[in-house]
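Chemist: Could you have a look at this structure, given as structure tokens, before my questions?
The values are calculated or read from the model by the stated rules, or taken from the named source; none is laboratory data. Because the structure is predicted, anything quoted here is derived from the model rather than measured. In this analysis, Cβ positions are derived from the backbone assuming ideal geometry, glycine residues included, and neighbour counts consider all displayed protein chains. Just so you know, the surface numbers come from the protein's heavy atoms only, side chains and all, with ligands and any DNA or RNA stripped out. Shrake-Rupley method; radii C 1.70, N 1.55, O 1.52, S 1.80 Å.
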Amino acid sequence: MVSIITAVHNQLGMNRLFYETLRRNTRNPFELIVVDNCSTDGSCEFFRGVADVVIENQGNYSYPYCQNQGIAAAHYDYLVFLNNDVLVPEGWDEYLLEALHANGLDAVCPSSNDDMESRAVQRRVNTRWKWIKYPLLRLFGSGYTVLRWMQKLMYPDFERFARQRREAFGNRVVEGFTGCCVLLTRRAIERVGLWDERIQAADFDYFCTLKQFVRERPEEGFKPMCVALGVYVHHYQRLTFKAAHPAFLDAERLVDFRAKWGGREAALLAGRETNR
């Protein structure tokens, strides 16, 4: 069983598409825990009808705060922190768990148009996505049908694309992370800790935290977070980020990533963000 935790604020069309593909393509039994940050477009009502748990916040909270809310409600030993603007192919969960176990990991991410096997491949795929995404967003908005058009233009056969990557890479992993989808074991959360609620760039923060934990406590037997190259998900990238949304209610406690980790890691984060 898998606990899937997703935080949302509006984006009803994306939420419908997200749930549709998640329900169709996930092989393991799962519970869907949705943290709704005071949506006003019907998203909360939609998830009340399909999710196992809906946590209804009275305002908009930061990403790590919402993930920790989800952890508190989760029942299972595998927790997937999944953005709502992600499409998953058939069997994604089974293959991700297979890569986790085959490589002795407690933290693994799929590859995506954010992170692939090389900078050149990732740039080529992401450049194509930008040419498709932005003109359609400007002309037609981000409704369900438009989002479907984007997917079809990007991948005429998404399942075939994902299957070819599975055949090419199998359970091969490389150290790294894909922030739109992170799978953690319960063991990792119990030993390494919860998400740091001060850091909005929480995915990269957890990557760094786990890597530091591995270095300082090798006897625990953990490995760094890795990307499973044979598992691919599509990330629509920042649809919610670019939409107008209320300020975070917990904004006063948020600190800059560099205040915690310094310049080297912050420079890496900046480099990743320029590719979005």
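Chemist: Among PRO156, SER43, ASN113, which residue has its Cα positioned farthest towards the positive end of the charge dipole of the chain, with +1 placed on the Cβ of Lys and Arg, -1 on the Cβ of Asp and Glu, and the dipole taken about the Cα centre?
Modeler: Projecting each Cα onto the dipole axis, the largest value belongs to PRO156.
Chemist: For the chain, what relative contact order do you get, as a whole percent, if you take Cα pairs closer than 8 Å and at least 6 residues apart?
Modeler: Reported as a whole number, the value is 26 percent.
Chemist: Under 5 Å between amide hydrogens, which residues at least 5 positions from GLU90 or on another chain qualify, with H placed 1.01 Å from N in the peptide plane?
Modeler: Amide H neighbours of GLU90, under 5 Å, 5+ apart: none.
Chemist: Please list the radius of gyration and Dmax for the stretch 8-85, considering alpha-carbon atoms only, with Å as the unit.
Modeler: Here Rg and the maximum Cα pair distance are 11.9, 33 Å.
Chemist: Using only protein heavy atoms and a 1.4 Å probe, report how much of THR127 is accessible, in Å² to the nearest 10.
Modeler: 60
Chemist: Then there is this: Rounded to the nearest 10 Å², what accessible area does PHE140 have for a 1.4 Å probe in the complete protein model?
Modeler: 110
Chemist: Gap in Å between the Cα centre of the stretch 119-182 and the Cα centre of the stretch 38-113?
Modeler: So the two Cα centres are separated by 19 Å.
Chemist: Let me ask something else. Using a Cα-Cα cut-off of under 24 Å, which lysines could be cross-linked to LYS260, ignoring same-chain neighbours fewer than 8 residues away?
Modeler: Filter leaves LYS211, LYS223.
Chemist: Something else now. Using only alpha carbon pairs under 8 Å that are at least six residues apart, calculate the relative contact order of the stretch 1-145 and give it in whole percent. Provide the component values of the computation, followed by the final result.
Modeler: On the way: 202 pairs, mean separation 45.6, N = 145.
Normalised by residue count, the contact order of the stretch 1-145 is 31 percent.
Chemist: Report, in deg cm²/dmol and to the nearest 500, the calculated mean residue ellipticity at 222 nm for the chain, where each DSSP H run with n ≥ 4 adds -39500 (n - 2.57) and the sum is divided by the residue count.
Modeler: -14500 deg cm²/dmol
Chemist: Work out from phi, with θ = phi - 60° and the Karplus expression 6.51 cos²θ - 1.76 cosθ + 1.60, the ³J(HN,Hα) of each residue of the stretch 215-222, listed in order in whole Hz, and give x for Gly and Pro.
Modeler: The phi angles translate into 5, 8, 9, x, 5, 6, x, 8 Hz.
Chemist: Would you kindly work out the equivalent ellipsoid of the stretch 95-142 from its C-alpha gyration tensor and give its semi-axes, the square roots of five times the eigenvalues, largest first in whole Å?
Modeler: Each semi-axis is the square root of five times an eigenvalue, giving 31, 14, 6 Å.
Chemist: Based on a Kirkwood Rh over C-alpha pairs, give the Stokes-Einstein translational diffusion coefficient of the stretch 81-233 at 20 °C and viscosity 1.002 mPa s in µm²/s.
Modeler: 130
Chemist: Determine ³J(HN,Hα), in whole Hz, for all residues of the stretch 171-185 in sequence, where each value follows from phi through the Karplus function 6.51 cos²θ - 1.76 cosθ + 1.60 and θ = phi - 60°; x replaces Gly and Pro.
Modeler: Residue by residue, the stretch 171-185 yields 9, 5, 10, 9, 4, x, 7, 10, x, 6, 7, 10, 9, 10, 7 Hz.
Chemist: Here's something else I'd like to know. Cβ neighbours within 10 Å, averaged per peptide: list 142-152, 100-110 in order, most packed at the top. Can you show the working numbers first?
Modeler: Numbers: 142-152: 16.1, 100-110: 20.2.
Packing order, densest peptide first, comes out as 100-110, 142-152.
Chemist: To one decimal place, what orientation-averaged projected area in nm² is obtained for the convex hull of the Cα set of the stretch 147-220?
Modeler: Mean projected area for the stretch 147-220: 7.3 nm², to one decimal.
Chemist: Assign unit charges at the C-beta atoms only (+1 for Lys and Arg, -1 for Asp and Glu), then state the dipole size of the chain relative to its Cα centre in Debye, rounded to the nearest 20.
Modeler: 1160
Chemist: Also: HN-Hα J couplings of the stretch 91-105 from phi, Karplus 6.51/-1.76/1.60, θ = phi - 60°, integer Hz, Gly and Pro as x?
Modeler: Couplings: x, 3, 5, 4, 5, 5, 5, 4, 5, 4, 6, 4, 10, x, 9 Hz.
Chemist: Could you please state how large a percent of the accessible area of the chain is carbon and sulfur, counting protein chains only and using a 1.4 Å probe?
Modeler: The computed percentage sits at 52.
Chemist: Mind checking the log10 I(q)/I(0) for the chain at q = 0.07, 0.10, 0.12 Å⁻¹? Debye, one equal scatterer per Cα, no solvent, two decimals.
Modeler: At q = 0.07, 0.10, 0.12 Å⁻¹ the computed log10 ratios are -0.23, -0.48, -0.72.
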